[in-house]
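*Asks:* Shown below is the structure under consideration.
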Amino acid sequence: MLSYAKGPETGLMESTIGRRLTEAAFRFPDRPAIISRHQNRRLSWVDLDREVCGWTAGLRALGLRPGDRVGIWSTNCVEWVLLQLACARAGMVLVNVNPAYRSHELGYVLRKSKMRAIFLWSRDERADYATILEEAAGGEKLDLRRVYLERNDLPAGQFGLEEDNESGDVVNIQYTSGTTGSPKGVLLTHRNLLNNASLAAAQMKLTEEDVICAPVPLYHCFGCVMGVLAAVTTGSALVLPNWSFDAGMTLDAVEAERATALYGVPTMFIAQLEHPEFSRFDLTSLRTGIMAGAPCPIEVMKRVVDEMHCSQITIAYGQTESSPVITMSQSDDPLEVRVSTVGTTLPNTETKIVSETGETVERGVQGELCTRGYLVMQGYDGEPEATAKAIDKEGWLHTGDLAVMREDGNCKITGRARDLIIRGGENVYPREIEEFLYTHPKIADVQVVGLPDARLGECVAAWIRLKTGETLTEGELREWCRNRIAHFKIPQHIRIVDSFPMTVTGKVQKYRIREIEIERLGLQQAARIETA
Ligand code: AMP
């Protein structure tokens, strides 16, 4: 049998995010919609709908028009969700900006997305965002409205009715660092996102009785699609435990809100299981959830079932370009399937696994996973060549992930065809960091590789050759990186070297750099974790 699968055809939803919000407010008026624990705010579906109306009117009063791009550069908060839903109603395109971005990355995204407004908090304990924003603008006069969330300076308005939006309109741009060295904007429509959220929610059997605890970031599809839109399409409540991930606050939120579903990348579940006061929390309300975003260790999955009471936990696999979920297990699949595979192809979706020459391989044979259907992005913003590389003429999205399809249709992710490091759920492209480090005046050449890490799954290491006569310490280089790139891209291991291991034809042998570092740092143990 060939490694091709087609999920059941269940019919696609041809609605818009704004209309689905109206329906939720009508069907579940007084049930909880959003609970932001760190802001002490609780909104029912009716409250949420009303506030979104005000924000929609406010966006128009700012002078923004349908089709305009509106950025949000913030950690998790109620305002993030309000802006997401208001942009959708107003026919505008929300541009998610990673709150960890610093001036180098932000400057790129501001110009590339041509956003006309950006919403942000001026500062928090991590950074002074207002100053970084001005650095990113670099003295250039950008046509950009700055809306500071703490100032409440969005013009008030009442009549935030739905624009004439269509299901196929682009509503969101999510950045994913590309192999080309700079982040690429993934264009996603109402149809892409609503259908994906609702199909994934069905795998967990979510209803308005459920309470989803989402410590995952809203700027990423895990938060804004699997979190916000799964809630909008099912009426489940969405709980935000904190601005950014904190194990203790997540456990506390599960207990206090009687959460029934818990989301996270593997490292978040590990951090909770290892929390010194783990056993103090009452987690018996938990039933299901999603672990995704990086290879999920089987042992961790088992502990989440046994010790966190998530007896129906699922694993999802996908990527931003596919809205994001392609395959997922179901809450009632046998335990073996749920802990050791990423499940089967979702409804209305095709998958196949192909060899390097593009032929579909037999079941059980490794190849690159490709997917086709409503879930495939519209393309990369303003990058037709990169889009044509990712989506072939027959509409197949090539994920760059290596996988095996079992006889029973469940898939296992076995590696990556492309050069990508996943550090605790955050994607890091070696090429992007290499190009950034090249901009340092003392650096002649650089090679970035991923190393196994017991806690984060993988971490970043850089080998650096300096220009003749130059000196540079590890500490100096780290300091230089600090306000320029996101913290998770700053290499943990930096080694200044005279030369790189080369093949006879003069190609750098990255695998040798990896082997040498694993040996030197004693990481052999971490390299042997079994995953789904
Ligand atoms: P992103 O676009 O940030 O969502 O990252 C997507 C990438 O994360 C995929 O291409 C995979 O390499 C990886 N990934 C996501 N989910 C899983 C999973 N369940 N198991 C293994 N890798 C995963």
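The values are calculated or read from the model by the stated rules, or taken from the named source; none is laboratory data. Computed from a prediction, not measured in an experiment: that's the story for all the values here. Cβ sites come from the backbone with ideal geometry, for glycine too, and all protein chains shown count toward neighbours.
*Asks:* Looking at (1) in a loop (DSSP other than H, G, I, E, B); (2) free of Cβ contacts under 8 Å to residues at least 24 places away in the same chain, which is the one condition that is false for residue 377?
*Replies:* Exception for residue 377: condition (2).
*Asks:* I've got another one for you. Looking at the stretch 274-329 only, could you name the residues that are in contact with an Asp or Glu (Cβ under 9 Å, 6 or more places away or on another chain), among the hydroxyl-bearing types (Ser, Thr, Tyr) and crowded, with 19+ Cβ neighbours inside 10 Å?
*Replies:* Passing the criteria: 288, 314, 317.
Residue-by-condition table, conditions (1) under 25 Å from the mean Cα position of the chain (by Cα); (2) closer than 16 Å to residue 224 by Cα; (3) not basic (Lys, Arg):
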| residue | (1), (2), (3) |
| --- | --- |
| 39 | yes, no, yes |
| 46 | no, no, yes |
| 51 | no, no, yes |
| 54 | no, no, yes |
| 62 | no, no, yes |
| 68 | yes, no, yes |
| 82 | yes, yes, yes |
| 87 | yes, yes, yes |
| 91 | yes, no, yes |
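*Asks:* Can you find a residue in the stretch 401-411 that is surrounded by fewer than 18 Cβ atoms within 10 Å (Cβ to Cβ), closer than 27 Å to residue 225 by Cα and not aromatic (Phe, Trp, Tyr)?
*Replies:* Kept after step one, since they are surrounded by fewer than 18 Cβ atoms within 10 Å (Cβ to Cβ), are these residues of the stretch 401-411: 402, 406-408.
Filter once more, so that each one left must be closer than 27 Å to residue 225 by Cα: 402.
Next, from what is left, pick out any that are not aromatic (Phe, Trp, Tyr): 402.
Yes, because at least one residue in the stretch 401-411 is surrounded by fewer than 18 Cβ atoms within 10 Å (Cβ to Cβ), closer than 27 Å to residue 225 by Cα and not aromatic (Phe, Trp, Tyr).
*Asks:* Going by the structure shown, is residue 387 of a type in the set (S, T, N, Q) and either away from the ligand (no atom under 16 Å from the Cβ) or outside any helix (DSSP H, G or I) (or both)?
*Replies:* no
*Asks:* Has the stretch 160-168 got at least one residue that is in contact with a Lys or Arg (Cβ under 9 Å, 6 or more places away or on another chain) and within 24 Å of residue 428 (Cβ to Cβ)?
*Replies:* no
*Asks:* Hey, residue 357 hits all of (1) within 15 Å of the ligand (Cβ to nearest atom); (2) surrounded by fewer than 19 Cβ atoms within 10 Å (Cβ to Cβ); (3) modelled with pLDDT under 95 but one; which does it fall short on?
*Replies:* (1)
*Asks:* Have a look at 343, 367 and point out the one that is buried (at least 17 other Cβ atoms within 10 Å of the Cβ), more than 23 Å from the chain's Cα centre (by Cα) and of a type outside the set (A, V, I, L, M, F, W, C). Step through it out loud before you land on a result.
*Replies:* Numbers: 343 fails: more than 23 Å from the chain's Cα centre (by Cα).
None of the other options fit; the residue is 367.
*Asks:* Any idea how many residues of the stretch 421-455 are within 16 Å of the ligand (Cβ to nearest atom) and more than 24 Å from residue 321 (Cα to Cα)?
*Replies:* So the count comes out to 2.
*Asks:* Are there any pairs, at least 6 apart or on different chains, whose C-beta atoms fall under 6 Å, with the first in the stretch 301-322 and without any contact (Cβ under 8 Å) to a residue 40 or more places away in the chain and at positive phi and the second more than 8 Å from the ligand (Cβ to nearest atom) and part of a loop (DSSP other than H, G, I, E, B), and if so, which?
*Replies:* 309/283; 309/284; 309/286
*Asks:* Which of the residues spanning the stretch 405-420 are touching a Gly at 6+ places or on another chain (Cβ under 8 Å) and more than 11 Å from the ligand (Cβ to nearest atom)?
*Replies:* Here is the first cut: in the stretch 405-420, the ones touching a Gly at 6+ places or on another chain (Cβ under 8 Å) are 405-407, 410-411, 416-418, 420.
Scanning the stretch 405-420 gives 405, 406, 407, 410.
*Asks:* So, one more: Can you list the helices (runs of 4 or more DSSP H) found entirely within the stretch 241-333 that contain at least 3 residues being within 16 Å of the ligand (Cβ to nearest atom)? Outline the logic, then answer.
*Replies:* Values: elements: 247-257, 266-273, 298-307.
Counting at least 3 such residues, we get 266-273, 298-307.
*Asks:* When the stretch 200-214 is examined, which residues are found to be away from the ligand (no atom under 16 Å from the Cβ) and either crowded, with 22+ Cβ neighbours inside 10 Å or assigned to a loop (DSSP other than H, G, I, E, B) (or both)?
*Replies:* Scanning the stretch 200-214 gives 201, 205, 206, 207, 208, 209, 210, 211, 212, 213.
*Asks:* Of all residues in the stretch 212-235, how many are farther than 19 Å from residue 312 by Cβ and under 10 Å from the mean Cα position of the chain (by Cα)?
*Replies:* Number satisfying all stated conditions: 8.
*Asks:* Within the stretch 378-393, can you find the residues that are among the aliphatic types (A, V, I, L, M) and surrounded by 14 or more Cβ atoms within 10 Å (Cβ to Cβ)? Break it down into steps so the answer makes sense when it comes.
*Replies:* Just the residues of the stretch 378-393 that are among the aliphatic types (A, V, I, L, M), to begin with: 386, 388, 390-391.
The answer is 386, 390, 391.
*Asks:* Got a number for residues in the stretch 376-431 being under 26 Å from residue 445 (Cβ atoms) and small (Gly, Ala, Ser)?
*Replies:* Residues flagged as under 26 Å from residue 445 (Cβ atoms) and small (Gly, Ala, Ser) within the stretch 376-431 amount to 3.
*Asks:* Report the residue count in the stretch 453-463 for those that are at pLDDT below 95 and over 21 Å from the mean Cα position of the chain (by Cα).
*Replies:* 1
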